[in-house]
Amino acid sequence: MTSIVLLIPNSRWFDKRAWVSIPYAALILTALLKDRYDFSIIDANGDNLDEAQCRERLVALAPQLILVTALSVEYHRHAHTSLAIARNACPEATTVLGGVYPTTLPEEAGKDLNADWLFMYHAEERLVPFLELLLEGDKRIETFPGIAFRDAAGTLMVNPPASTIGDVPVMVQPDYSLIDAGKYLQHDTMDYQLNSDRPTAFIITSYGCPYNCVFCAARTISGRRIVFRPLADVLAEIEYLKDNYGIENVIFLDDALLADRKRVVELLNAFIERDYTLTWKVVTVSAWHLDNELLKLMARSGCTQITISVESGSQRVLDEVIRKPLRLEIVAPLVQQCREAGITMGANFVIGIPGETWEEIRQTFSFAEACDFDVAHFHIATPLPQTDLYRICRENGYIPDDFSFLDPNFFGYGTGFITTDEFNPFELMVLRAFEWDRINFSTPEKRERVARLYGISPDALNEHRRQTRRKLGVHF
């Protein structure tokens, strides 16, 4: 039986911020491959392995095929280091790089000669046929959609996709049998959306987003159709984690959790009827799907926190620049309804998009202040790969000629890169840092609630505020 190893890079390498989240790619690949091949996982992230330890484990396993998963562009060095380790440890093995990084930047990822193949986009319904062609040496693999490889002349050939994950009729049930999920359940972080002082699992119940925001890369990765996992599978996953790992809190990572109201109501009622005694929160919800009735049901089912992405306090910017189907007049009432239901509400905003005026940027801060969110975060528009924002910036000279997605300064949404007649990066960074401070910490009550959300002491919050002002919001 063919031996295949999935190598998950350690997010801590190169002194990067650790991204400690149950690796869903590994769960999907386990479900797809473990019964067909001699499949195993080297989880350098969960086990906090260094490069030498990864090499030792690869040498011991001696696989014929090594898959490397690349979480995102931010961790591209980790992916390339993993490929180098794989080539050194098992020089005869075939290597395949997959994940968000090669999907959005295949030309950059494909420069690495240690990667024999790039496998882009989703694995469901595609990975097994690809591997069969690869292992059989079938030349038809060169026309396989959504992959990249070098031809005989060494030229990188990138095949466009023929489908998105929204075209998959039945989602694969995540398989935890080869992963120790317990290593991923503690989240001691200041990120209020992801932190918890109790065992917490990140869950994905659907993939894709139907909207078309100018700055978003979701449609490149997943397409513009939503595909929902069967609720029975989602509930079985939660019960497995509850029974085997004692989780007490769930964080939903869906891009569009509320898009199907009937489905989400069924999910929430199941939480109530099965008496899970779990709390839950969701990193982003579409405000236009919320109403008082749904918020009350969410609270009854254990919801403690939601975040809405408002993006701008200018309706014109939302309509004409960002292309987000949100009416600003619904936001303030939702804040009050959440407060009455006992649900904490955070909000995300984005400033510095071409087409936005300086006065509209100031309008965004005024709107955020007036709504009195439990916490409001402001991000500087960042041109992600294969987005309309990047195309607009490149075509109009809004970003430097030497702009690179691989620049270490690129990550975190705190450093500006875009310059228009209305603003420049330095102005955006100063305004963002000081308005964040003014809006979120203007009273003792606000300072107390944000400290509670961040999970830190008042003294630690004051130091964080001080460093944010002095570093203009760039902590990494």
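Below is a table of values for the structure above.
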| quantity | calculated |
| --- | --- |
| Efficiency of FRET between GLU448 and LYS16 - r from beta-carbon atoms, R0 25 angstrom, step 0.05 | 0.20 |
| Dipole magnitude of the chain, debye to nearest 20 (Cβ charges: Lys/Arg +1, Asp/Glu -1, about Cα centre) | 480 |
| Average Cα contact separation per residue, the chain, under 8 Å, 6 or more apart, as relative contact order % | 11 |
| Förster-model FRET efficiency, 60 Å R0, LYS34 and GLU329, C-beta, rounded to 0.05 | 0.70 |
| Gain in span if fully extended, GLU273 to SER457, counting 0.36 nm per residue against the direct Cα distance | 62.6 nm |
| When each of LYS296/LYS446; LYS242/LYS262; LYS16/LYS471; LYS183/LYS242 is checked by Cα-Cα distance, pairs over 20 Å | LYS296/LYS446; LYS242/LYS262 |
| The chain: calculated mean residue ellipticity at 222 nm from DSSP helix runs of at least 4, using -39500 (n - 2.57) | -11000 deg cm²/dmol |
| Rounded to 5, percent antiparallel among DSSP beta bridges of the chain | 15 |
| Net charge of Cβ neighbours under 15 Å - reference VAL73; Lys, Arg +1; Asp, Glu -1 | -1 |
| Cα-based helix-to-principal-axis angle, 51-61 vs the chain, degrees rounded to 10 | 40 |
| Approximate spin-label separation GLU293-GLN186, in nm, with each point projected 7 Å along Cα-to-Cβ | 4.4 |
| Rounded, prolate or oblate (a/c below 1.5 giving rounded, otherwise prolate when a/b exceeds b/c) for the chain by Cα gyration tensor | prolate |
| Antiparallel bridges, percent of DSSP beta bridges restricted to segment 3-166 (to nearest 5) | 25 |
| Inter-centroid distance (Cα atoms) of segment 418-455 relative to segment 1-64, Å | 39 |
| Exposure proxy ranking, count of Cβ atoms within 10 Å, fewest first, for PHE434, PHE228 | PHE434, PHE228 |
| Residues ASP197 and SER163, FRET efficiency given R0 of 45 Å [Cβ-Cβ distance, rounded to 0.05] | 0.60 |
| Reference-scaled alpha-carbon Rg (2.2 N^0.38 Å with N residues) for segment 3-166 | 0.96 |
| THR2-GLU125 pseudo-label distance in nm [points 7 Å out on the Cα-to-Cβ vector] | 2.1 |
| On Cα atoms only, tilt of 76-89 relative to the major axis of the chain in degrees | 20 |
| Within-13-Å neighbourhood charge of ILE238 [Cβ basis; K, R +1; D, E -1] | -3 |
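Computed from the coordinates by the stated procedures, all read-outs in this text should not be read as laboratory data. Everything numeric here is computed off the predicted structure, so don't read it as measured data. Quick reminder, even Gly has a Cβ in these numbers, built from the backbone with ideal geometry, and neighbours come from all protein chains shown.
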